[in-house]
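One structure is given here, and the rest of the page talks about it.
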Amino acid sequence: MPSQAAAPASASASPAAQQFTLSNGMTLIVRPDRRAPTVAHMLWVRVGSMDEVDGSSGVAHVLEHMLFKGTPDLKPGEFSRRMAALGARENAFTSRDATAYHQQLPADKLEAVMRLEADRFANNQWADEEFVRELEVVKEERRQRTEESPRARMFEALNALVFQASPYRRPVIGWMSDLDAMTPDDARAFYRQWYVPANAAVVIAGDVDVDQVRALAEKHYGRISARAVPSRKPREEPEQAGPRRMEYRAAADQSLVALVYKAPRWTGGETVTDQDALALTVLSAVLSGYSGARLERALVQGSGTGGKRIADSAGASYGLMGRGPQLFSLSAVPATGVTPEMAAGALKAELQRVAREGIGQAELRRVITQWTAGEVYQLDSVFNQARELGSYWINGMNIHTGDRLMQRLRTVTPAQVQSVAQRYFSDEQLTTAVLVPDASKRQAATPARAPSAPGRH
């Protein structure tokens, strides 16, 4: 299939990318960057925790671990040993939307890496005992990252409250009860279902020749047998019809309050909703996108409350893109003597101030300039180039999306930022979570566990 045209020159000055479809339906994206003799190689699979079903949460992430456990030609651990011998740094990650495997390597070792990655994508194979051992590693990862952190547990519970029907309500690492019940055949079935060429993309950025890479991709990836991508049933989130609230009691040292609002995602289009998503990105940056932004000044430094500190820390975040619904979040750690209700009121007050007074042109220019500079600097890394291109592909967007996003953000006006502040933050769409320190939750110190195998994340 003919490639997409190279992206036009842009302010990002990023190298042009080209996209192809291999003979079996797999996508290939290549971005040459000759500044150093190195290459980033990524294999993206459009499957993540959102593609799981109840009772099997965590299987996408567990399967990611199992991809390192062998093929008919490679024993467990041999993949990583060969990568190290090639001088490649390698890892993988699983998100709600995707699973990705990546290496950074000397340019002259690219074919060897492609051969190994294509083999495990097509021929992943391991014994039940390997699964049982690796599942314990994943459980320990959950204990360390979530169960031993009151804040992480609160946000996990908050996420399950915000979403009702959307699969985003489940944690990527899975509920512990689902991990306890998971079998080797659960992972094998998930692998057979989703690891098909038409559901994957190879993204390569660095010191390469596009035609040579395309030929190598056909040689190693294109020979994998084509299969249909399973259909995905829509699991739309029902409209929220009123505020939701939870208190999470835990053995924490400080309280924490989080305010979460439903928000639209950017689809790369030109609709009013797409424009709102861009304005919400700017609003998030105005609130906490740089040192001394509005939330820090008002709540942490106390400039908006007569010098009284409301919070030890405060921030805002917004999920611009994703395969599922997105959220706009505010959070604060109340200062000594400040209740969570006071902190929540202060967070709302800053949103209301933008809705009432708007933002200045200079403030807008600052956050746009800072965001643009950050994007340009980030793309100095070939790994970040590959990661950005793969992320756009996962979300159904094309190779020109990065340039278009930068251009579109520069068109956002103060009036649009004020408008979204007025329209998206009613209590009808609000879910509040409060972490409540509770000494009764403290347990006697548990015996130290034996250290687990190093994690891949």
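The values are calculated or read from the model by the stated rules, or taken from the named source; none is laboratory data. Just so you know, these numbers come straight off a predicted model, no measurement behind them. Note that we place each Cβ from the backbone using ideal geometry, even for glycine, and neighbour counts take in every protein chain shown. Surface accessibility is based on the protein's heavy atoms, side chains included, excluding ligands, DNA and RNA. Shrake-Rupley method; radii C 1.70, N 1.55, O 1.52, S 1.80 Å.
Can you tell me which residue among 83, 50 is part of a helix (DSSP H, G or I) and either at pLDDT below 95 or under 30 Å from residue 406 (Cβ atoms) (or both)?
After applying the criteria, what remains is 50.
Can you give me the number of residues within the range 417-455 that are at pLDDT below 95 and crowded, with 18+ Cβ neighbours inside 10 Å?
Summing the residues that are at pLDDT below 95 and crowded, with 18+ Cβ neighbours inside 10 Å in the range 417-455 gives 1.
Is there any pair linking a residue in the range 406-435 that is part of a strand (DSSP E or B) to one that is β-branched (Val, Ile, Thr) and open to solvent by less than 30 Å² (accessible area, probe 1.4 Å), with Cβ under 6 Å and at least six apart or on different chains, and which?
431/162; 431/260; 434/257
If you check 221, 261, which single one turns out to be touching a Phe, Trp or Tyr at 6+ places or on another chain (Cβ under 9 Å), modelled with pLDDT of 95 or more, more than 25 Å from residue 46 (Cα to Cα) and among the aromatic types (Phe, Trp, Tyr)?
When all the criteria are applied, what remains is 261.
Could you please let me know if residue 330 is among the aliphatic types (A, V, I, L, M), crowded, with 20+ Cβ neighbours inside 10 Å, in contact with a helix residue (DSSP H, G or I) (Cβ under 6 Å, 6 or more places away or on another chain) and at pLDDT 95 or above?
The answer is yes for residue 330.
To keep it simple, each residue is scored yes or no on (1) over 26 Å from residue 93 (Cα atoms); (2) of a type outside the set (Lys, Arg); (3) modelled with pLDDT under 95.
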site: 370; (1), (2), (3): yes, yes, yes
site: 379; (1), (2), (3): no, yes, yes
site: 389; (1), (2), (3): no, yes, no
site: 394; (1), (2), (3): no, yes, no
site: 415; (1), (2), (3): yes, yes, no
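Count, please, the residues in the range 91-123 that happen to be touching a residue at least 60 places away in the same chain (Cβ under 8 Å) and either open to solvent by less than 20 Å² (accessible area, probe 1.4 Å) or part of a strand (DSSP E or B) (or both).
17
Filter the range 46-58 down to the residues that are surrounded by 23 or more Cβ atoms within 10 Å (Cβ to Cβ) and hydrophobic (A, V, I, L, M, F, W, C) and list them by number.
Passing the criteria: only 47.
Residue-by-condition table, conditions (1) in contact with a strand residue (DSSP E or B) (Cβ under 7 Å, 6 or more places away or on another chain); (2) surrounded by fewer than 20 Cβ atoms within 10 Å (Cβ to Cβ); (3) at pLDDT below 95:
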| site | (1), (2), (3) |
| --- | --- |
| 6 | yes, yes, yes |
| 9 | no, yes, yes |
| 12 | no, yes, yes |
| 17 | yes, no, no |
| 22 | yes, no, no |
| 26 | yes, no, no |
| 34 | no, yes, yes |
| 39 | yes, no, no |
| 44 | yes, no, no |
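Consider residue 127 against the criteria (1) of a type in the set (Gly, Ala, Ser); (2) farther than 14 Å from residue 216 by Cβ; (3) crowded, with 17+ Cβ neighbours inside 10 Å: it satisfies all of them except one. Which criterion is unmet?
(3)
For the range 285-328, which residues satisfy the criterion of being part of a loop (DSSP other than H, G, I, E, B) and β-branched (Val, Ile, Thr)?
Scanning the range 285-328 gives 305, 310.
Kindly state which helices (runs of 4 or more DSSP H) lie completely within the range 129-217 and contain at least 1 residues that are touching a Pro at 6+ places or on another chain (Cβ under 9 Å).
150-162, 184-194
Whether any residue in the range 346-362 is touching a Gly at 6+ places or on another chain (Cβ under 6 Å), assigned to a helix (DSSP H, G or I), among the hydrophobic types (A, V, I, L, M, F, W, C) and crowded, with 17+ Cβ neighbours inside 10 Å is what I want to check. Before the answer, list the steps.
Step one: of the range 346-362, the residues touching a Gly at 6+ places or on another chain (Cβ under 6 Å) are none.
No, that holds for no residue.
Within the range 199-209, restricting attention to residues that are of a type in the set (Gly, Ala, Ser) and under 22 Å from the mean Cα position of the chain (by Cα), which residue is farthest from residue 101 (Cα to Cα)?
Among those that are of a type in the set (Gly, Ala, Ser) and under 22 Å from the mean Cα position of the chain (by Cα), it is 205.
Report yes if some residue within the range 232-250 is without any contact (Cβ under 8 Å) to a residue 12 or more places away in the chain, within 27 Å of the chain's Cα centre (by Cα) and not in a loop (DSSP other than H, G, I, E, B); otherwise report no.
no
Quick one: how many residues across the range 70-87 are under 14 Å from residue 111 (Cα atoms) and in contact with a Pro (Cβ under 8 Å, 6 or more places away or on another chain)?
Of the residues in the range 70-87, 2 are under 14 Å from residue 111 (Cα atoms) and in contact with a Pro (Cβ under 8 Å, 6 or more places away or on another chain).
Does the range 289-324 hold any residues that are closer than 23 Å to residue 388 by Cα and either free of Cβ contacts under 8 Å to residues at least 60 places away in the same chain or open to solvent by 20 Å² or more (accessible area, probe 1.4 Å) (or both), and which are they?
Selection gives 289, 290, 316, 317, 318, 319, 320, 321, 323.
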